[in-house]
1. Of the accessible area of the range 64-141, with the probe set at 1.4 angstrom, what percent is carbon plus sulfur?
2. Projected onto the charge dipole of the chain (+1 at Lys/Arg Cβ, -1 at Asp/Glu Cβ, origin at the Cα centre), which of L5, V93, V115 gives the Cα projection farthest towards the positive end?
3. Return an integer: the convex hull volume of the alpha-carbon atoms of the chain, in Å³ per residue.
4. Only residues of the range 24-40 count here: report those whose backbone N is under 14 Å from the spot 7 Å along Cα→Cβ of A121, or say none.
5. Relative to the present Cα-Cα distance, how much length would full extension add between I24 and Q138 at 0.36 nm per residue of separation?
6. So what is the relative contact order for the chain, in percent, with contacts set as C-alpha pairs under 8 Å and at least six apart?
7. When the chain is fully extended, how far beyond the present Cα-Cα distance does A129 get from I71, taking 0.36 nm per residue of separation?
8. What accessible area per residue, rounded to a whole number of Å², is obtained for the chain using a probe radius of 1.4 Å?
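The values are calculated or read from the model by the stated rules, or taken from the named source; none is laboratory data. A quick note: this is a predicted structure, and the numbers were derived from the prediction, not measured. Every residue, glycine among them, receives a Cβ derived from its backbone with ideal geometry; neighbour counts consider all protein chains shown. Calculation scope for accessible area: heavy atoms of the full protein, side chains included, ligands and nucleic acids excluded. Shrake-Rupley method; radii C 1.70, N 1.55, O 1.52, S 1.80 Å.
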Amino acid sequence: MGTLLLLVLIVVEVTDLVFAVDSIPAIFGVTTDRFIVYTSNVFAILGLRTFYFMLAGVVEKFHYLKIGLGIVLGFIGLKMLLPLIVKMLSIVVHALGYDDLLPYLQRFQSIPTLVALGVVAVVLLSSVAASLVWPKEQPDS
């Protein structure tokens, strides 16, 4: 027989699983190294839930964080689509007979991992800093 404690344990573990699955596209946007993807998901299961509940109380302070996260998600999406875009452009460039441009086009096939991490860090830190510099105005009651 299961008790309410078992139900709570199941809900908590399902939440951990959701956080881990949610982080998979983000890590593939940074790297395709299997070891890094695997370990990042392990750490997501271990610590992301705790980190989420820690930040849940102060998230209202960082009102520009949603904009920053939108920019980060757009950047990660572009990084994931970049090889496909370059492949499609390569086909068009080859069909038009501009084969001399192909080596230049191939340079843009991927964004280096350190550059991607730098962009993510700068955008997130900038959105937090902007929230602290320009706090949200409280409506007069």
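1. The nonpolar share, carbon plus sulfur, comes to 73 percent.
2. Checked the options; the winner is V93.
3. Considering the Cα atoms of the chain, their hull volume per residue is 189 Å³.
4. Answer for this model: none.
5. Values: separation 114, 0.36 × 114 = 41.04 nm, distance 3.69 nm.
So the chain would gain 37.4 nm between I24 and Q138.
6. After rounding, I find 30 percent.
7. Length gained, A129 through I71: 19.3 nm.
8. Working: 10910 Å² over 141 residues.
Value for the chain: 77 Å² per residue.
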